[in-house]
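Sharing a structure with you now.
The values are calculated or read from the model by the stated rules, or taken from the named source; none is laboratory data. Source: prediction; values computed, not measured. Glycine also receives a Cβ, built like all others from the backbone with ideal geometry; neighbour counts cover every protein chain displayed.
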Amino acid sequence: MDTRLLNSDLPQGALDNMLDNAVSLLTTNAKRKGLKGEVELIRKAGYSDDQIWETVLRSQLKPGMEVDVTDPCLNDSPHSNSFTGNVLALFPNYVRVVDMEDNAFDLEFEEIAKFGN
C-alpha cells in the first residue's frame with residue numbers, strides 16, 4: 001500500500017464514496033458472471049461454503065419441499081443413511097425433515113444435499 005496513505009491522518013469516512021463505488025463495481029461484475037461469480041465474491045469476503053449454503057437454504061426451503069439428505073456427516077446426526085424427505089419446519093439452527101416412512105429428523109443445514117419442489 002502507498003505509504004502516503006498509511007502515514008496520513010485521514011478522517012474517518014474520507015474514502016466512503018470510493019469504497020461504495022468499489023463495492024458496487026465488484027457486485028456488478030459478480031452478478032454479470034452469474035451465480036458462480038456471486039459465490040466467488042462472497043468467498044473473497046470471507047464466507048465459507050457452509051455459510052453460503054445455509055443462507056441459500058434459509059431463503060429457499062419451505063414446508064412441504066422435497067430435499068435429499070446426505071449420509072450422516074456429524075457425530076450426533078439423528079439419521080443413519082441418506083434419504084429423500086420433505087421439509088416439515090425451519091428453525092434458527094436446523095430444519096425438520098420427514099422421510100418416506102414418516103420418521104421426523106432435526107437436521108443441520110449442511111446435511112441437506114439438494115432441494116426442489
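Which numbered condition trips up E54, out of (1) assigned to a loop (DSSP other than H, G, I, E, B); (2) among the acidic types (D, E); (3) not assigned by TED's automatic domain parsing to the domain that holds L107?
(1)
Continuing with the same structure: Return yes when V98 is over 19 Å from the mean Cα position of the chain (by Cα) and either β-branched (V, I, T) or not assigned by TED's automatic domain parsing to the domain that holds F115 (or both) and no when it is not.
Answer is yes for this residue.
So if I check each of L25, L19, which one is at pLDDT below 90, among the hydrophobic types (A, V, I, L, M, F, W, C), surrounded by 10 or more Cβ atoms within 10 Å (Cβ to Cβ) and not assigned by TED's automatic domain parsing to the domain that holds Y94?
L19
Exactly one condition in (1) surrounded by 14 or more Cβ atoms within 10 Å (Cβ to Cβ); (2) more than 15 Å from the chain's Cα centre (by Cα) is false for V56; which is it?
Result: V56 fails condition (2) only.
So how many residues does the range 59-92 have that are modelled with pLDDT under 85 and either part of a strand (DSSP E or B) or closer than 24 Å to S48 by Cβ (or both)?
Qualifying residue count for the region: 11.
Do we have any residue at all in the range 54-64 that's touching a Ser or Thr at 6+ places or on another chain (Cβ under 8 Å) and of a type outside the set (S, T, Y)? Break it down stepwise before answering.
The first filter runs over the range 54-64 and keeps only residues touching a Ser or Thr at 6+ places or on another chain (Cβ under 8 Å), leaving none.
No, because not a single residue in the range 54-64 is touching a Ser or Thr at 6+ places or on another chain (Cβ under 8 Å) and of a type outside the set (S, T, Y).
Working carefully through the options D76, D68, find the one that is without any contact (Cβ under 8 Å) to a residue 12 or more places away in the chain, assigned by TED's automatic domain parsing to the domain that holds E110 and over 16 Å from the mean Cα position of the chain (by Cα).
None of the other options fit; the residue is D76.
Right, next: Being small (G, A, S) and not in a helix (DSSP H, G or I) is the filter here; which residues of the range 12-30 pass it? Step through it out loud before you land on a result.
Looking only at the range 12-30, we keep the residues that are small (G, A, S), and these are 13-14, 22, 24, 30.
Those that are small (G, A, S) and not in a helix (DSSP H, G or I): G13, A14.
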